[in-house]
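Trainee: Quick one: this structure, given as structure tokens, is what I'll be asking you about.
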Amino acid sequence: MRIGVFVCHCGSNIAGTVDVERVAREALKLPGVVFSDTNKYTCSAPGQESVCSAIKENALDRVVIASCSPRMHEATFRKMIAEKTDLNPYMLEIANIREQCSWVHKDREQGTRKACDLVAMAVAKVSCDRELFTTNLPVERRALVIGGGIAGIQAALDIADAGFPVTLVERESSIGGKMVMLDKTFPTMDCSACICTPKMSEAAENPNIEIKSLTEVESVSGYIGSFDVTLREKAKYVDYDVCTGCGLCETKCPTKKIPSEFNQGLSTRTAIYKPFPQAVPSKPTIDAEHCKKLQSGKCGVCEKVCPTGAIRYDDVDRVTTQRYGAIVVASGYELIDWTGLYGEYGAGRYPDVITGLQFERIVNASGPTEGHILRPSDRTEPKTTVIVKCVGSRDPNKGVSYCSRACCMYAAKHAHQYLDKVPDGTCYVFYMDVRCAGKGYDEFYMRTLQDGAIYVRGRVSKIYPEGDGLVCMGEDTLSGEIVRVKADMVVLETAMVPSRGSDVLASKLNVQRGPEGFFTEAHPKLRPVETNTAGVYLAGVAQGPKDIPDTVAQAGAVASKVIGLFARGQIESNPMLSKVDVSRCSGCRACVDVCPYGALGLVQANLRENSRKVTRTVCQVNEGLCQGCGACSVACRSGALDLLGFSDEGIMQEVEMLCQ
Amino acid sequence: MTANLTQQIRDRARDLLQSGTVSCFIAWEPARFEHWRTPVTIESPDEVDRIVVDEWCDQLIAKYALQRRGDGRIGMVARGCESRAVERLVADRQVSRQDVYLVGVGCTGMLDRDGGAPLKKCEECQRRNPVTYDEMVGETVEEPRPYRFGEVDRIESMEPEQRRAFFDRMFSQCAMCFACRNVCPACNCRSCFADAERVGWLEKDFGLDASRYWGLMRAFHTGDRCIECGECERACPMGLPLMTLMHKQVRDIDRLFGPYEGGGLSDAGPDPLRSYRTDDVEEFM
Ligand SMILES: Cc1cc2nc3c(=O)[nH]c(=O)nc-3n(C[C@H](O)[C@H](O)[C@H](O)COP(=O)(O)OP(=O)(O)OC[C@H]3O[C@@H](n4cnc5c(N)ncnc54)[C@H](O)[C@@H]3O)c2cc1C
Ligand code: SF4
């Protein structure tokens, strides 16, 4: 064994606290070490050059580099060894003497001694290292985007524009998500539909994008580059190849009293319907639950009036399977169901206590009131409106503990819109804080104050009816007084929560969710759109509350990751994977249950044991799915599973060395 | 246990062997001294008269099923503890339930071969009747479900130094004979970490460090799967109170993850300490 040790000064970062020359001298005394040296900056070009030539001149077969965290430069040094020497790049160990030593110690003697120990441990581990080899896995250049809100639409457009096919899956009958329901968007107050619907039709017309509405992911198997995804497209009862979207059926359908989801229950729709005029796909579907023909066999009006004969009452769900190289999760959010949580706000009993999303519909020119601000109960113009912020948000006792981020701004927007349309009206905004960090955001809030909105700092503790109005009671925490505001309408700016079914989706995709239920990114700062499952990416509110600019930016970032993956066309496998020693495996299944990536399974294996042929159940690692997390190697009681590159033996040797 | 139980079991064993329902039948037979019993595997109907089933059958026989894997269906007398051990082996995928034929008996506790006092493990027993069986011989018995955490309470109330001293004293007497492992129905690995020489988890020398490490690792490896049969404690030649650690874990797991009984007893999914769930709240990450 010929081990070389290279100790880095990192300028004064390490050398300031650690006597690197002494560390290099001490290293020479360790078993197997035949060469040691120091470098000013090992990662620099001359530093790398000197390491490589030392490897060649001294015929080194293992290398320890004592420098910064392996997170920083392990990949750099691996690449260097692979490209510039004949050594296997996995015969390398990094001793972290910067983050874990020089940066946290002041005393030079102590720091130097600890650095010597860390180097000794790395030497012990490198002695157990074995050559590892990567393989290239092919990548199916086709992306699946789950969720057709603005996040999903933007990601799909960006990927498709780079020339790769995309399937955009939306479980409602139209794409658009929450954004198409909004009236205007802060801070520029451009009409939401005017900027969202062109994107929707762009997606519909893009030859690289296939939109599947009323569709959900049924199951997912496989790994980055080749996910096999089964989709269930619900019966639409309308043949989209024949339907021209003329809309005659909608006008004739006798079932007209169904609350419109799009208008948040403030208007009604028919059983055969398009949720809104600009829907994409621009064709109707039958809501089977309410359709008379499908429920009781009587009616069939739409079939009679349809000029192209597109109605199919016998339509069934379609299940298809397709291979994708990458998956984008853009499943967005719902608003928290405040009625179950806030009894003191009437729990939904007072019709004039509405949500922000209902307000968006009321203020919208194509909404249920044609843009006139009329309250739901008696369709009169509210002269006093109270806006309550943080309903459900930042309220760990009743709702969620996090801030929903967009509501401070859209509350200001709502106040502005109300005062604009009801010039003689009064608008109170109850708030906990005003959080308006963003380009042009604080200016927008200031303008709302100038519009005359009255901001009261405090939570509303009770809303009760009085006469034909409502009284909002709360404490103004700045003056300490209890305030009672007689209002004609109350708007609750409710918390964003993960969209329903996120838990099921997470387990199908094997991705993690945080305590609040939003999908977890691989690293909050450095890998914000990746998940811990390679090949699965996050965009929009699915990852956490955010507004449209942030959502679109994130969708673009996701697209660039996916395009990068597809452009490469293949991925190098990580060889630091779990490996099973079947002779020790008793097939107990502990590893299968504990693996977060579904990478382990049980198989029947034909083995030779004690010169006998036996067939036993043993575990098997799927190398495409394994991420090398090591959970299985810990769960395995008999140590049948080991993590290549982090073998039990190597770790044990490190500990042994430290204890000497 | 009724006086004619032995005869009833012999009759059933004979029938089962004769009809070919089972290929062998595991029970007990008298050993060298009075009140000593030893496990026996009966291979033919002519040998069934060797069987005795009485209040001196102190060993758990379920684990012997592992030695007969692949040899056809295995017959066995099953008290509460045997039945739970079989469930354990099934959950650990070492046998399938169809591979064993359980002749269930209700059990009122066994006596110590030296002196005749009731065995501690039987006094703490939570399941005197089999939890699974293919047929029952005799009546089921009452389940008193005694409180079994008294010793855990006592140790928990100690000061940390006292507690450390207690366990140091316990482990310093360990002879590292691995009898606890060999009898344990949850210890069914093909190869034990303690024998992994190359990695060297466990030193081969004696000493408090090694025996403490062995004791704790054994407890952890079986913690969420312990069926509380108390065999480790009974088999320990040094008389160490091994069940205290097991009971402590049983109760902690119960409190942290909900009602729990030695794994394997419910179909609720994998054992609590070896599962991965996406709805696990990862507050620490
Ligand atoms: C009242 C209100 C006003 C707002 N005003 C503004 C504003 O003025 N300016 C601004 O910047 N932001 C505003 N926002 C925030 C804005 O709505 C969000 O930032 C944006 O809509 C997030 O888009 P998204 O695509 O991530 O999520 P969504 O719009 O929720 O889209 C998610 C889509 O995925 C679909 N989906 C979910 N799960 C699945 C599944 N399992 N399978 C298939 N499809 C699925 C859903 O049906 C939905 O269509 C406002 C929010 C509210 C509540
Ligand atoms: S964005 Fe403003 S209103 Fe919304 S939760 Fe955060 S602080 Fe409350």
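The values are calculated or read from the model by the stated rules, or taken from the named source; none is laboratory data. Computed from a prediction, not measured in an experiment: that's the story for all the values here. When we count neighbours, we look across all protein chains shown, and the Cβ atoms used for this are built from the backbone with ideal geometry, even at glycine. The area values use the complete protein model at the heavy-atom level, side chains included, leaving out ligands, DNA and RNA. Shrake-Rupley method; radii C 1.70, N 1.55, O 1.52, S 1.80 Å.
Trainee: In segment A:281-307, which residues are surrounded by fewer than 13 Cβ atoms within 10 Å (Cβ to Cβ) and either β-branched (Val, Ile, Thr) or under 38 Å from the mean Cα position of the chain (by Cα) (or both)?
Mentor: A:289
Trainee: Mind listing whichever residues of segment A:220-244 are within 16 Å of ligand 1 (Cβ to nearest atom) and open to solvent by 50 Å² or more (accessible area, probe 1.4 Å)?
Mentor: Passing the criteria: A:232, A:234.
Trainee: If you don't mind, another one. Report yes if residue A:598 is within 12 Å of another protein chain (Cβ to nearest Cβ) and open to solvent by 30 Å² or more (accessible area, probe 1.4 Å), otherwise no.
Mentor: It is true that residue A:598 is within 12 Å of another protein chain (Cβ to nearest Cβ) and open to solvent by 30 Å² or more (accessible area, probe 1.4 Å).
Trainee: Is there any pair linking a residue in segment B:6-30 that is not assigned by TED's automatic domain parsing to the domain that holds residue B:45 to one that is of a type in the set (Phe, Trp, Tyr), with Cβ under 9 Å and at least six apart or on different chains, and which?
Mentor: Filtered contacts from segment B:6-30: no entries.
Trainee: Between A:558, A:541, A:592, which is hydrophobic (A, V, I, L, M, F, W, C) and free of Cβ contacts under 8 Å to residues at least 60 places away in the same chain?
Mentor: Answer to the check: A:592.
Trainee: Being at pLDDT 95 or above, crowded, with 23+ Cβ neighbours inside 10 Å, more than 14 Å from every other protein chain (Cβ to nearest Cβ) and more than 9 Å from ligand 2 (Cβ to nearest atom), is that true of even one residue in segment A:393-407?
Mentor: no
Trainee: Now for a different question. Go through segment A:45-72 and give me each residue that's under 20 Å from residue A:130 (Cα atoms) and in contact with a Cys (Cβ under 9 Å, 6 or more places away or on another chain).
Mentor: Passing the criteria: A:65, A:66.
Trainee: Within segment B:110-125, which residues are out of contact with any Gly (no Cβ under 8 Å at 6 or more places or on another chain), open to solvent by less than 60 Å² (accessible area, probe 1.4 Å) and in a loop (DSSP other than H, G, I, E, B)?
Mentor: Across segment B:110-125, the qualifying residues are B:110, B:112, B:113, B:116, B:117.
Trainee: Looking at residue A:413, is it among the basic types (Lys, Arg) and either in the same structural domain as residue A:262 (by TED's automatic domain parsing) or open to solvent by 10 Å² or more (accessible area, probe 1.4 Å) (or both)?
Mentor: Against the criterion (among the basic types (Lys, Arg) and either in the same structural domain as residue A:262 (by TED's automatic domain parsing) or open to solvent by 10 Å² or more (accessible area, probe 1.4 Å) (or both)), residue A:413 does not qualify.
Trainee: Hey, another quick one. Taking interchain pairs and intrachain pairs at least six residues apart, which have beta carbon atoms under 6 angstrom, with the first residue in segment A:384-409 and at positive phi and the second aliphatic (A, V, I, L, M)?
Mentor: A:390/A:432; A:392/A:336; A:392/A:495
Trainee: Go through segment B:130-159 residue by residue and tally those that are touching a residue at least 24 places away in the same chain (Cβ under 8 Å), assigned to a helix (DSSP H, G or I), open to solvent by less than 50 Å² (accessible area, probe 1.4 Å) and more than 19 Å from residue B:227 (Cβ to Cβ).
Mentor: 1
Trainee: With the structure loaded, tell me whether residue A:236 is in contact (Cβ under 8 Å) with a residue 24 or more places away in the chain and assigned to a loop (DSSP other than H, G, I, E, B) or whether it fails that test.
Mentor: Yes, satisfied.
Trainee: Identify all residues within segment B:203-222 that are more than 11 Å from chain A (Cβ to nearest Cβ) and of a type outside the set (S, T, N, Q); write none if there are none.
Mentor: Answer for segment B:203-222, where residues must be more than 11 Å from chain A (Cβ to nearest Cβ) and of a type outside the set (S, T, N, Q): B:204, B:205, B:206, B:207, B:208, B:210, B:212, B:213, B:214, B:215, B:216, B:219.
Trainee: Follow-up. Among residues belonging to segment A:71-107 that are in contact (Cβ under 8 Å) with a residue 60 or more places away in the chain and touching a Ser or Thr at 6+ places or on another chain (Cβ under 6 Å), point out the one that is nearest to residue A:52 (Cα to Cα).
Mentor: Per the stated criteria, the residue is A:102.
Trainee: Would you mention how many residues in segment A:610-626 are more than 13 Å from every other protein chain (Cβ to nearest Cβ) and either among the hydrophobic types (A, V, I, L, M, F, W, C) or within 20 Å of residue A:596 (Cα to Cα) (or both)?
Mentor: Final tally of qualifying residues: 7.
Trainee: For segment A:625-644, give me the residue count where each residue is buried (at least 20 other Cβ atoms within 10 Å of the Cβ), assigned to a loop (DSSP other than H, G, I, E, B) and under 36 Å from the mean Cα position of the chain (by Cα).
Mentor: Qualifying residue count for the region: 7.
Trainee: Is it fair to say residue B:162 is part of a helix (DSSP H, G or I), open to solvent by 30 Å² or more (accessible area, probe 1.4 Å) and assigned by TED's automatic domain parsing to the domain that holds residue B:17?
Mentor: no
Trainee: Further question: If you go through segment A:549-593 one residue at a time, how many are among the acidic types (Asp, Glu), surrounded by 15 or more Cβ atoms within 10 Å (Cβ to Cβ) and away from chain B (no Cβ under 14 Å)?
Mentor: Result for segment A:549-593: 1.
Trainee: Between A:575, A:549, which is of a type outside the set (Phe, Trp, Tyr), in contact (Cβ under 8 Å) with a residue 24 or more places away in the chain and within 16 Å of ligand 1 (Cβ to nearest atom)?
Mentor: Within the list A:575, A:549, the selection yields A:549.
Trainee: Based on this model, can you work out whether residue A:522 counts as within 14 Å of chain B (Cβ to nearest Cβ) and aliphatic (A, V, I, L, M)?
Mentor: So residue A:522 passes the test.
Trainee: Only one residue in A:620, A:653, A:570, A:627 is among the polar types (S, T, N, Q) and free of Cβ contacts under 8 Å to residues at least 60 places away in the same chain. Which one?
Mentor: Only one candidate passes the filter, namely A:620.
Residues are listed down the side, and each one gets a yes or a no for (1) more than 14 Å from every other protein chain (Cβ to nearest Cβ); (2) open to solvent by less than 10 Å² (accessible area, probe 1.4 Å); (3) more than 10 Å from ligand 1 (Cβ to nearest atom); (4) touching a Phe, Trp or Tyr at 6+ places or on another chain (Cβ under 8 Å):
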| residue | (1), (2), (3), (4) |
| --- | --- |
| A:486 | yes, no, yes, no |
| A:501 | no, no, no, no |
| A:513 | no, no, yes, yes |
| A:526 | yes, no, yes, no |
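Trainee: Quick check: anything in segment A:158-171 surrounded by 19 or more Cβ atoms within 10 Å (Cβ to Cβ), within 13 Å of ligand 1 (Cβ to nearest atom) and in a loop (DSSP other than H, G, I, E, B)?
Mentor: The answer is yes; a qualifying residue exists.
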